[in-house]
Each structure stands twice: as C-alpha cells, then as structure tokens.
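Novice: Input: one structure, supplied below.
The values are calculated or read from the model by the stated rules, or taken from the named source; none is laboratory data. Quick caveat, the model's predicted, so the values are computed rather than measured. Glycine also receives a Cβ, built like all others from the backbone with ideal geometry; neighbour counts cover every protein chain displayed. In case anyone asks, the SASA skips ligands and DNA or RNA and just uses the protein heavy atoms, side chains included. Shrake-Rupley method; radii C 1.70, N 1.55, O 1.52, S 1.80 Å.
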Amino acid sequence: MKEEQRLRTIRDMLFALAVTLLCAIAAGYFYDLYYDLNDDVLIKDILAGTYTGTPEGRNIQMLYPVGFLISVLYRFSPALPWYGIFLCACHALCFWLIGKRVISFTNGFLKKSILLLFQTFLFAGLLLWELVYVQYSVTCAMLVATGVFLFCTTDDEEQVGRFIRKNIVSMILVILGFYVRTEMMLLLCPLIGAAGIAKWSHGAKHTHTPMFGLENLLKYLTTPIVIAVGMGIGLLLNTLAYSGSEWNEFDRFFAYRTELYDFQGEPPDYAQNRAYYRQLGLDEAEIKLLLNYNFAMDESLSADALESIVEYNRTELGRSYFKNSLYDGIREYLYRLLHAEDGVWAYLVIALYLLIFLTGMLQWDYSVPWKLALLAFMRTVSWMYLIMRGRTPERITVSLYLCEVLILFAMLLCQMHAFYADYRRKLFQTKTGGALSQEDAPRQKKRAPYLPLYRKYWRVTVTLIITALVLVPAMRGVTEVEQEQERRERVNEEWDGLRAYFAEHEENFYLLDVYSTVAYSERMVPADNSYRNYELCGGWASKSPIYAEKLSRYGVGNIESDLLYMNNLYFVTRTDRDTDWMIAYYRCKGYDVRVVHEDMVETGGERNFYICKVYFDYETGRSDFLCTQRVHARAYEN
C-alpha cells in the first residue's frame, strides 16, 4: 500500500511538472517577459553588479539572505538574468506545488488532466499580467499564498511528526516570501491567521480530537512558530548586513522618504508654510527637488530634514498616520467590494464565499459560517489598513486577492473532498449497513441507490460557475497584455536609444532627471548586466552607501558642485521638461548658472532627450535658459 501511494505521488509530481514546464515555455514563447516597474530593474542592477560594478546582496528592498544568494549567482555567471530567473522560478514552483496538491485529491488521468487544465485557465485568467510583467511584491504574495494553500490542504489524519514534515515546504515558502518582500508578507498576516485557525478547527473536527489537545497543539502551532523563528533569523542577518553608521542613517532617510512620498503624498506647500521652511533652513527651490524627485542634488535634504517635514505634516497640517478616517475607509471599502472595482477578483471572491457556504450547508457543517466570517473579518483588517493609509496600488490589491482566493480554494477543495467522502460512505452504508473494505467499494458503488442529482453534480456546477466568472475577463486580459507588449516596445525605443548614446560615451557620467525615465521598463531577456555610466538624480536608492559608491567610480562626490566643475558630468532630461528648477536651485545657493544643451538624442526622427551641461553665468543677473550652443543629433532606429 505504501509503495503504491509512493508511486502515485511520483506520478502526480511528474504530471504537474510537465504541465508547469509547458505553461512556462508557452509564456516565454508568446510574450516578452518584463520587469514591471523600475523598482525591480534597480534591484536587479544592484544584485547583478550593474550598479556598483560588483554584485551586491544589499539591495535595500529584500532581506539580505535572499539578496546575498542571488548576488552570488551573478558572481559565478554574470551573463544570466538571475534575478528574473529567481522570480519566474518562484512562480513556476508555486504553480507546480498547487497543481500537485490539487490532483492528489482525485484518481484517474482524465480527472487529473481536467483539474490541471482548470488551474492553468485560472492562473492565465487571473494572473497573466503579473506573470508577464513581473513584480517582486506579487512574487512574495504568490509564495506566501501557496504556502498557506498547502498547509490548509494537508491531510489532518497524519500523525504529528509526519504532519509537520509534510508542511516543511509550506514553512519555507512563507519564510521566503517574507525575505522577498517583508511589508507584503506582514500585510497578509491577518489572512494567514484566519486560514490557520480554520484549518486547526477543521482538523480537530475531522479527527474527532480536542481542538486544544496536545496532539493538535503540536500539529497546528509548530508551523507558525517555525515560521516566526525563520523570520527572526532573516531580520537578524539583515540587521547585521546593514550595520554601520552610513547604513543606519540611510535607513532613517529611507523610512521618512517612504512615509512622505507613499503615504503623505508630498511636502507642505512652500508659499503657505514659508516660516516653517525658513526655520528649517530650506529654500523654495530645494523643496522643488522633493517635488520633482531630484533630491540627490542637495545634501541638506537629509534624514533629519525629512523627519522634520513628516512630523510637521502630521502635527501642524493634520496629515496623520491614517490618511482617511474610519468612516471614510468603511465607505470606500464597501463601495470597492460591492461595485466590483477590482473586476474579476471581486466577483470571484464573492462567488467562492457563497459556494463554500452552500457546500458546507449541504453537509450540515455549521462550522463553515464562522470560518468564513473570520476570514472576511481578517481580509477587512488588511484592506482597511491600506484604504485608511490612502495607498492601494494594483500590485498590492492583486496580492491581497491572490492570497484570499487561494485560501478560499483550499477551503472549497477540502469541503468538496469531505462532502464526497461522506457521500460515498453513507452511500455504501445504506447497502451494507456498515463500513466497507477497499476491495468491495467499487462493486458496492454500482449497486448504490438513487440520490438527488444536485448532490451528484455539485462539483461540476461549482467548476462551471467559476469558469464562467473568469472566462470573459481572461480573454480581455490576454488582449490587454498584448497591447501592453506593443506599447512597451514602442516606448522603450527612446530608452534604448538613450542607453546606446551612453554606451558610446563611456568616458562620461550622466545624471538623469527622475521623471524623464519613469515610463520605461526593461526586458528580462536578453540580460544586460554590464556596468552603466548613468544614474537617477533621485529615487529610493539615492543617498545610500551604494549610491555614493556608484558615483565615486566616476569621481562624483557632491552632485551640486560637481555638475559645475566636472567636465565629464552631464544632466539628462526629456525635451518636454524644463530645467528652470535647476537654475533656481543654484541661485538659492548663491550663484547664477546657465544650462546648455550640449547634445541631444533623437529616436524615430523626434528629439527625445537633451544632454545638458551646467556652467557659471558670469553676466550678473543672467539666469535665463540658454539655447543650444552645439547640437549633434543622433538617431537610433530599430
């Protein structure tokens, strides 16, 4: 029996693996995979050594252990896109593990094939965008959600030791998700807690043992304890890696910068708060750097300055920790859910709650309502936190939905399995008056009496309902992904032309206006991990030790002065953006400058970027924006 079970498990693993590989090959064949945001591009650049010239594990966003491992891979083989491989491998691993677990609930090649086809359809319909335009926050959510799904679908009848061993993978996935994106995993904790309690209750009921008995305590509390220990080890290693005064100061700057931009929105208006800014020692032109994100130019925009601005926003302007009140948050939460602002995700979540409830009621399982109520309450906690903080980007909301949907699917799968196991048992007992042997079951099942068709075809009904909900949005999602492929390819022509210009002038270093680059993205393949002689004049890595290390390779120390004195340091901006703010900034520092278009870059016959040089304006009072002294247009065509 054990040998037969082992062979069955191996067959399920290989079958799910084959489908996973086919899906991965298809995705790579039909679509170009992109890093969705510049955040992932910068993480990749730091890990690969593109940023500083040497692979660096301290990428600021991930915890150090996972960053270190990826950076080691870049040291061994720098030509491969290891960061992209890691993210895509996590997605494939999750798909495989879920598929392997799902098909273990049934027998027969046809039934297993249908289930894997159904899973593929759901993943493509719900997550095609996120699988093609990869973002590490979603990867974190996928890892965590898969870990919870595996935990919730583990056989409750296993002995303590075997139950814990079977959930080692679940623990590793959740811990890895925490290492990839700490904040995202913590946001999912209420959902994880609800799923764990529901599983604990289900296991106690299924095995007819006390919920708080020693065996159940060991079963269901060991997993969260091990996860907490793993998280603590990661935080400890991360703290040691980022120790030192420079990193500590940057951590403060990073925290206040995040609070200011991501949650408070922007610094206080200068005209209305002039007295405060003068007391702080900041001019209007310096605040302009915070508004256009080019704050790396000014050394006075330090962690202390940002801390003061954040606190002033809170205490004097009423921008509290929560941007929205509880009342406004509840209104927005209900409106968002009832009006299905999140599209197919909202419809699917509501449908799953109803289907699980109905399945439970068909079994007279009165524990289902409170489990669903607990999960609904916990999802409300996470959503209300986001809404009241005033920040609900799609990558975060999709991550919340993904975790909730996988938890609901796990609950539905277990309910359906229990429903039909109980159905067969009662069916057999009506004929025999007692328990049947495994050998007698098929023969007895043929002589089974009639039961209502709605019970017999309930799982088919559930499958069709979910498929109908996802079908039309899935088709629409394919079109949107294809349109985005065309858009990115078209827009990136400008960026590719600019990067080609930088490569031809490798003796120079270029500082980029931040908002001139936000529209561009980068393909995973082919990987370009060579050192780059350009950097943003702001962004979340600026003022960090690795930012200073990168600039120092070209002798850049103080951007403000080096733009004036270094012959090979240039500033790059789009042609539709002005640089009056730069002239005003230098004027507030006590001297007049002129910004000269030394060169320009053209793509597709259009002037896209100015290559600017900053000079002293020795004619007193002259600070106008001068026209080009020398224009050497370069065209880069595909």
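Novice: Across the stretch 488-539, what is the total count of residues that are among the basic types (Lys, Arg) and open to solvent by less than 60 Å² (accessible area, probe 1.4 Å)?
Specialist: Looking only at that region, the number is 3.
Novice: Considering only the stretch 257-287, state which residues are open to solvent by less than 10 Å² (accessible area, probe 1.4 Å) and within 26 Å of the chain's Cα centre (by Cα).
Specialist: 260
Novice: When you scan the stretch 121-237 for helices (runs of 4 or more DSSP H) that lie fully inside it, which ones turn up with 3 or more residues that are within 19 Å of residue 92 (Cβ to Cβ)?
Specialist: It comes to 136-152, 168-180.
Novice: Assuming residue 9 fulfils every condition listed in (1) at pLDDT 90 or above; (2) open to solvent by 40 Å² or more (accessible area, probe 1.4 Å) apart from one, which condition is it?
Specialist: Every listed condition holds for residue 9 apart from (1).
Novice: Kindly indicate whether residue 360 is open to solvent by less than 80 Å² (accessible area, probe 1.4 Å) and either touching a Cys at 6+ places or on another chain (Cβ under 6 Å) or more than 30 Å from residue 471 (Cβ to Cβ) (or both).
Specialist: Judged against the criteria, residue 360 is not a match.
Novice: Next question, about the same structure. Closer than 30 Å to residue 485 by Cβ and of a type outside the set (A, V, I, L, M, F, W, C) - does that describe any residue in the stretch 194-215?
Specialist: no
Novice: Considering the stretch 75-91 alone, what residues qualify as being surrounded by fewer than 18 Cβ atoms within 10 Å (Cβ to Cβ) and either part of a helix (DSSP H, G or I) or in contact with a His (Cβ under 6 Å, 6 or more places away or on another chain) (or both)?
Specialist: Selection gives 75, 76, 85, 89.
Novice: Here is a list: 337, 290. Which entry is open to solvent by less than 70 Å² (accessible area, probe 1.4 Å) and in contact (Cβ under 8 Å) with a residue 24 or more places away in the chain? Don't jump to the end; show me each part of the working.
Specialist: Details: 337 fails: in contact (Cβ under 8 Å) with a residue 24 or more places away in the chain.
After applying the criteria, what remains is 290.
Novice: If you don't mind, another one. Do we find a residue being part of a helix (DSSP H, G or I), crowded, with 19+ Cβ neighbours inside 10 Å and either at pLDDT below 55 or touching an Asp or Glu at 6+ places or on another chain (Cβ under 8 Å) (or both) anywhere in the stretch 403-423?
Specialist: There is at least one residue in the stretch 403-423 that is part of a helix (DSSP H, G or I), crowded, with 19+ Cβ neighbours inside 10 Å and either at pLDDT below 55 or touching an Asp or Glu at 6+ places or on another chain (Cβ under 8 Å) (or both).
Novice: Moving on. Looking at the stretch 481-512, which of its residues are without any contact (Cβ under 8 Å) to a residue 60 or more places away in the chain and either at positive phi or not in a helix (DSSP H, G or I) (or both)?
Specialist: Within the stretch 481-512, 505, 506 meet the criteria.
Novice: Being out of contact with any helix residue (DSSP H, G or I) (no Cβ under 9 Å at 6 or more places or on another chain), at pLDDT 90 or above and open to solvent by 20 Å² or more (accessible area, probe 1.4 Å): is that true of residue 239 here?
Specialist: No: the conditions fail for residue 239.
Novice: Hey, any hits in the stretch 14-36 for a residue that's open to solvent by less than 10 Å² (accessible area, probe 1.4 Å), aliphatic (A, V, I, L, M) and not in a helix (DSSP H, G or I)?
Specialist: No, that holds for no residue.
Novice: Output the residue which, of all residues in the stretch 293-307 that are under 30 Å from the mean Cα position of the chain (by Cα) and polar (S, T, N, Q), is surrounded by the most Cβ atoms within 10 Å (Cβ to Cβ).
Specialist: Result: 294.
Novice: Then there's this: Limited to the stretch 170-197, what total is found for residues that are in contact with a helix residue (DSSP H, G or I) (Cβ under 6 Å, 6 or more places away or on another chain) and either touching a residue at least 60 places away in the same chain (Cβ under 8 Å) or of a type in the set (A, V, I, L, M) (or both)? Reasoning before the result, please.
Specialist: From the stretch 170-197, those in contact with a helix residue (DSSP H, G or I) (Cβ under 6 Å, 6 or more places away or on another chain) are 170-171, 173-181, 184-185, 187-188, 190-192, 194-195; that's our starting set.
Among the residues that remain, those that are also either touching a residue at least 60 places away in the same chain (Cβ under 8 Å) or of a type in the set (A, V, I, L, M) (or both) are: 171, 173-176, 178-181, 184-185, 187-188, 190-192, 194-195.
Adding up the residues that qualify gives 18.
Novice: In the set 585, 547, which member is among the aromatic types (Phe, Trp, Tyr), farther than 27 Å from residue 496 by Cβ and surrounded by 17 or more Cβ atoms within 10 Å (Cβ to Cβ)?
Specialist: Numbers: 547 fails: farther than 27 Å from residue 496 by Cβ.
It is 585.
Novice: In the stretch 120-129, is there at least one residue being buried (at least 21 other Cβ atoms within 10 Å of the Cβ) and closer than 29 Å to residue 534 by Cβ?
Specialist: No - not one qualifying residue is present in the stretch 120-129.
Novice: In the stretch 37-74, how many are open to solvent by 20 Å² or more (accessible area, probe 1.4 Å), touching a helix residue (DSSP H, G or I) at 6+ places or on another chain (Cβ under 8 Å) and assigned to a helix (DSSP H, G or I)?
Specialist: Residues flagged as open to solvent by 20 Å² or more (accessible area, probe 1.4 Å), touching a helix residue (DSSP H, G or I) at 6+ places or on another chain (Cβ under 8 Å) and assigned to a helix (DSSP H, G or I) within the stretch 37-74 amount to 5.
Novice: Here's something else I'd like to know. Buried (at least 17 other Cβ atoms within 10 Å of the Cβ), of a type in the set (Lys, Arg) and in contact with a Pro (Cβ under 9 Å, 6 or more places away or on another chain): does that describe residue 379?
Specialist: yes
Novice: Being more than 19 Å from residue 400 (Cβ to Cβ) and modelled with pLDDT of 95 or more narrows it down to one of 172, 114, so name that one.
Specialist: Just one listed residue meets the conditions, 172.
Novice: Right, here's the next one. List the pairs whose first member sits in the stretch 569-582 and is under 11 Å from residue 517 (Cα atoms) and assigned to a helix (DSSP H, G or I), whose second member is open to solvent by 40 Å² or more (accessible area, probe 1.4 Å) and not acidic (Asp, Glu), and whose Cβ atoms are under 8 Å apart, counting only residues at least 6 apart or on separate chains?
Specialist: none
Novice: Further question on the same structure: Can you say whether residue 384 is open to solvent by less than 40 Å² (accessible area, probe 1.4 Å), part of a helix (DSSP H, G or I), more than 29 Å from residue 103 (Cα to Cα) and of a type in the set (A, V, I, L, M), as far as the supplied structure shows?
Specialist: Values: open to solvent by less than 40 Å² (accessible area, probe 1.4 Å): yes; part of a helix (DSSP H, G or I): yes; more than 29 Å from residue 103 (Cα to Cα): yes; of a type in the set (A, V, I, L, M): yes.
It is true that residue 384 is open to solvent by less than 40 Å² (accessible area, probe 1.4 Å), part of a helix (DSSP H, G or I), more than 29 Å from residue 103 (Cα to Cα) and of a type in the set (A, V, I, L, M).
Novice: Next up: Could you give every pair whose Cβ atoms fall below 9 Å, whose first residue belongs to the stretch 202-217 and is at pLDDT below 85 and among the acidic types (Asp, Glu), and whose second residue is surrounded by 14 or more Cβ atoms within 10 Å (Cβ to Cβ) and assigned to a helix (DSSP H, G or I), counting only separations of at least 6 or pairs across chains?
Specialist: Pairs that qualify, where the first residue is at pLDDT below 85 and among the acidic types (Asp, Glu) and the partner is surrounded by 14 or more Cβ atoms within 10 Å (Cβ to Cβ) and assigned to a helix (DSSP H, G or I): there are none.
Novice: Pairs, please: C-beta under 8 Å, at least 6 apart or cross-chain, first residue farther than 21 Å from residue 68 by Cα and modelled with pLDDT of 90 or more and in the stretch 242-269, second part of a helix (DSSP H, G or I) and open to solvent by 20 Å² or more (accessible area, probe 1.4 Å)?
Specialist: Every condition considered, the pairs that remain are 252/307; 256/307; 267/291; 268/276; 268/312.
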